[in-house]
Amino acid sequence: MFWADRITEKIIESYPKKTTSPIPLVIRDEKTASGRVHVGSMRGVAIHGIVSELLFKHDIENKFLFEINDFDPMDGLPVYLSRETFEPFLGKLLYTVPSPDGKAKNYAEYFGQEFMSVIEETGFHPEYCRTSELYLSGKMNEVIREALEQAPLIRKIYKEISGSLKDPDWLPVNVICEQCGKVSTTSASSFNGKTVNYVCKDLDWTKGCGKEGVVSPFDGHAKLPWKVEWPAKWKVIGVSIEGAGKDHSTRGGSRDVAKHIAKEVFNFNPPFDIPYEFFLVGGKKMSSSKGEGSSAREIADLLPPSIFRLALLGKDINQAINFDPSGDTVPVLFDTYDRLAENYWSGVKDDNARLFELSHTKETHGKLINRFLPRFSQIAFLVQMKHLNLEEEVSRMKGEPLSKDDVKEFMERADYAKRWLKKYAPEDYRYELQETLPSTIANFSDIQKKALREILEYVEREKNLDGQETHTKLHEIRKALSIDPKDFFGAIYLSFLGKESGPKAGWFLSVLDRNFLKSRLAEVSK
């Protein structure tokens with residue numbers, strides 16, 4: 001059974017009464033908008049989003065809620081922002097920090113809107129909310145009161161579950177300083193049912209103002225710390241289903257602490273958990289503020305929505321996803337999609353067919369229709385050969401005229417191939433036809449030159465070169481001459497591309513201008 005169907009069935013079993021109720025199950029996910037959102041955050045969106053879609057298919061009412069957390073402090077500066085401009089805002093709530101472009105409502109909206117656009121383009125359509133709305137509206141007031149009144153119990157849970165020791169007067173609330181507006185620098189004490197005392201102190205990474213005051217912690221004047229805020233939101237929103245990355249789900253981790261606080265402090269049953277592995281970029285769980293090609297926007301721009309969904313849904317939740325835009329991840333994903341499509345169109349009903357189906361949304365459902373899928377790596381080569389008519393070459397690959405759907409498909413692949421080649425493709429995928437004779441041919445051995453002469457003779461005999469037939473002939477020549485494959489194919493690629501590797505050789509030679517092909521083979525085989 002496909003992993004998403006398995007999880008959906010477990011949810012249905014866990015909520016037998018709610019699944020027959022008109023009151024919807026609430027599925028929640030969130031992201032703090034502290035900078036360009038890392039593509040890894042899209043895994044949570046995809047997992048929660050696909051569960052929501054499948055529950056609807058089971059006629060179970062649900063609401064997928066995605067929260068942009070704009071009520072966390074700015075505790076670091078992304079490398080792509082001016083330190084001089086934004087350093088004064090360190091320690092302040094994100095929704096109070098100005099937008100980098102001066103146009104968005106605030107800092108969090110600037111980055112949140114970018115991430116929301118990626119979510120929508122990928123075919124997931126949650127309802128959006130902001131954390132600031134929960135606090136400023138007073139919806140968090142009651143849970144703040146409960147947390148403050150049961151501060152000793154929360155300190156006990158921290159100690160017993162995570163080993164974290166808090167001072168005897170520590171309160172689970174971060175007050176917003178009335179003087180400097182910072183929240184990270186304040187320390188609260190002495191809750192009397194209406195107000196708390198606080199002092200604003202210097203931290204290693206930002207300065208406090210020294211203010212000592214008394215303030216109400218309600219109506220957006222304070223926030224709960226993360227491990228308390230998480231279960232507090234579950235109660236306030238009424239969350240039924242919420243997963244998180246495996247780093248939160250370890251024993252003694254934030255999820256473990258949150259579950260105990262939910263039950264013991266807020267008297268609320270924790271939501272159904274979906275712990276999942278990381279989405280890595282180049283093998284690392286890097287921050288999008290530190291590595292190019294790791295933000296959700298950058299990755300989404302490299303792939304059509306259906307193939308991005310394939311990347312997000314293609315592995316079970318207990319398996320990590322490793323995406324390397326500068327490696328072969330992109331062409332491999334297209335090849336995987338093509339295999340899944342062939343399997344699906346052949347009528348096979350298995351997990352691969354299910355994955356192919358779920359990789360498409362209402363917006364991309366038309367792609368389920370059988371059409372010709374030219375291999376991405378070949379398209380990536382063709383778009384670099386300026387002398388070629390792309391449509392004619394794709395038609396030759398298919399072996400018959402292209403349909404409207406075929407044309408639409410290859411044009412889309414050509415567009416994404418150009419994007420990938422422009423910014424990320426490794427050297428192995430970059431080709432430039434050498435207009436002048438490469439100097440490397442001076443090192444060709446006699447057997448390499450003989451092989452090239454035999455290829456020339458074959459080209460001169462054939463009126464029209466077919467890619468597959470030419471490839472078969474190349475192997476016949478190589479075997480007859482007993483030449484090492486690396487030396488044989490290396491000589492071909494060096495002659496035309498100036499490098500020792502290239503696309504499938506027979507197909508490559510068949511798409512070259514015939515006069516140029518013969519002229520170059522004659523020169524290098526002398």
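The values are calculated or read from the model by the stated rules, or taken from the named source; none is laboratory data. Since the model is a prediction, treat every value here as computed from it, not as a measurement. Reconstructed Cβ throughout: ideal geometry from the backbone, glycine too, with neighbour counts over all protein chains shown. Remember, those area values only see protein heavy atoms, side chains included, never the ligands or the DNA or RNA. Shrake-Rupley method; radii C 1.70, N 1.55, O 1.52, S 1.80 Å.
Antiparallel beta bridges, as assigned by DSSP with both residues in the chain, represent about 40 percent of the total such bridges. Against the main long axis of the alpha-carbon atoms of the chain, helix 226-237 sits at an angle near 80°.
Rounded to the nearest whole angstrom, the semi-axes of the ellipsoid equivalent to the chain, taken from the Cα gyration tensor as √(5λ), stand at 58, 27, 18, largest first.
Compared with the dominant Cα axis of the chain, that is its longest principal axis, helix 329-345 is turned about 80°. Geometric descriptor of the stretch 173-223, per residue, is 62 Å³ (volume of the convex hull of the Cα atoms). A helix-only calculation puts the chain at -13000 deg cm²/dmol for mean residue ellipticity at 222 nm, using -39500 (n - 2.57) for each DSSP H run of at least four residues, averaged over all residues. Using +1 at the C-beta of Lys and Arg and -1 at the C-beta of Asp and Glu, which of Phe124, Leu171, Gly112 has the Cα lying farthest in the positive direction of the dipole of the stretch 80-177? Toward the positive end, the furthest listed residue is Leu171. Remark: relative contact order (the stretch 299-398) = 28 percent; criterion is Cα-Cα distance under 8 angstrom and separation of 6 or more residues. With 25 Å as the limit, the listed pairs Lys404/Lys473; Lys315/Lys404; Lys17/Lys362; Lys18/Lys259; Lys404/Lys499; Lys315/Lys349 have Lys404/Lys473; Lys315/Lys404; Lys17/Lys362; Lys404/Lys499 beyond it between alpha carbons. With every protein chain in place and a 1.4 angstrom probe, the accessible-area ranking of Lys362, Lys315, Lys92, largest first, reads Lys362, Lys315, Lys92.
Please report, to two decimal places, log10 I(q)/I(0) for the stretch 318-474 at q = 0.09, 0.19, 0.20 Å⁻¹ as given by the Debye formula with identical point scatterers on the Cα atoms and no solvent. The computed values of log10 I(q)/I(0) come out as -0.42, -1.36, -1.42. For the stretch 1-157, rounded, prolate or oblate, judged on the Cα gyration tensor with a ≥ b ≥ c (square roots of eigenvalues), a/c < 1.5 rounded, else prolate if a/b > b/c? In terms of gyration-tensor shape, oblate.
For Arg354, the accessible surface of its heavy atoms amounts to roughly 60 Å² (probe 1.4 Å, protein chains only, rounded to the nearest 10). Note on the stretch 1-88: Cα convex hull, mean projected area over all directions, 7.5 nm². Close amide-amide hydrogen proximity is noted between Ala222 and Ile176, each under 5 Å apart and 5 or more residues distant or on a separate chain (H modeled in the peptide plane; Pro and chain starts excluded). Using alpha carbon centroids, what distance separates the stretch 415-489 and the stretch 355-403, in Å? Using only Cα atoms to place each centre, the spacing works out to 24 Å. If ligands, DNA and RNA are left out, what is the accessible area of Glu462 with a 1.4 Å probe, given in Å² to the nearest 10? In the full protein context, Glu462 sits at about 60 Å². Relative to the dominant Cα principal axis of the chain, helix 467-481 is inclined by about 70°. The heavy atoms of Asp273 offer some 50 square angstrom of accessible surface to a 1.4 angstrom probe. Electrostatic bookkeeping for Lys479 treats Lys and Arg as +1 and Asp and Glu as -1; over the other residues with beta carbon under 15 Å from its beta carbon, the sum is 0. Quick check on the stretch 97-247: take the gyration tensor over C-alpha atoms, sort the square-rooted eigenvalues as a ≥ b ≥ c, and tell me if it's rounded (a/c under 1.5), prolate or oblate. It comes out oblate by the Cα gyration axes. Quantify, in whole percent, the carbon and sulfur part of the accessible surface of the chain (1.4 Å probe; protein heavy atoms only). Its accessible area is 47 percent carbon and sulfur atoms. Residues in the chain average 46 Å² of solvent-accessible surface per residue, probe 1.4 Å, ligands and nucleic acids excluded.
Across the stretch 180-193, coupling constants 3J(HN,Hα) worked out from phi with the 6.51/-1.76/1.60 Karplus curve, θ = phi - 60°, read 9, x, 8, 10, 5, 8, 9, 10, 9, 7, 6, 7, 10, x Hz, and Gly and Pro carry x. Accessible area ranking (1.4 Å probe, heavy atoms, ligands and nucleic acids excluded), largest first, for Met74, Met1, Met397: Met1, Met397, Met74.
Can you tell me the relative contact order of the chain? Whole percent, Cα pairs under 8 Å, sequence separation 6 or more. Relative contact order, the chain: 12 percent.
With a ≥ b ≥ c the root eigenvalues of the C-alpha gyration tensor of the stretch 391-447, is it rounded (a/c under 1.5), prolate (a/b larger than b/c) or oblate? Because a/c hits 1.5 or more and a/b fails to exceed b/c, the stretch 391-447 counts as oblate. Normalise the Debye intensity by I(0) for the stretch 134-193, one equal point scatterer per Cα, no solvent, then take log10 at q = 0.13, 0.15, 0.17, 0.22 Å⁻¹ and round to two decimals. At q = 0.13, 0.15, 0.17, 0.22 Å⁻¹ the computed log10 ratios are -0.40, -0.52, -0.67, -1.01.
Taking the DSSP beta bridges with both ends in the stretch 1-114, the antiparallel portion is around 10 percent.
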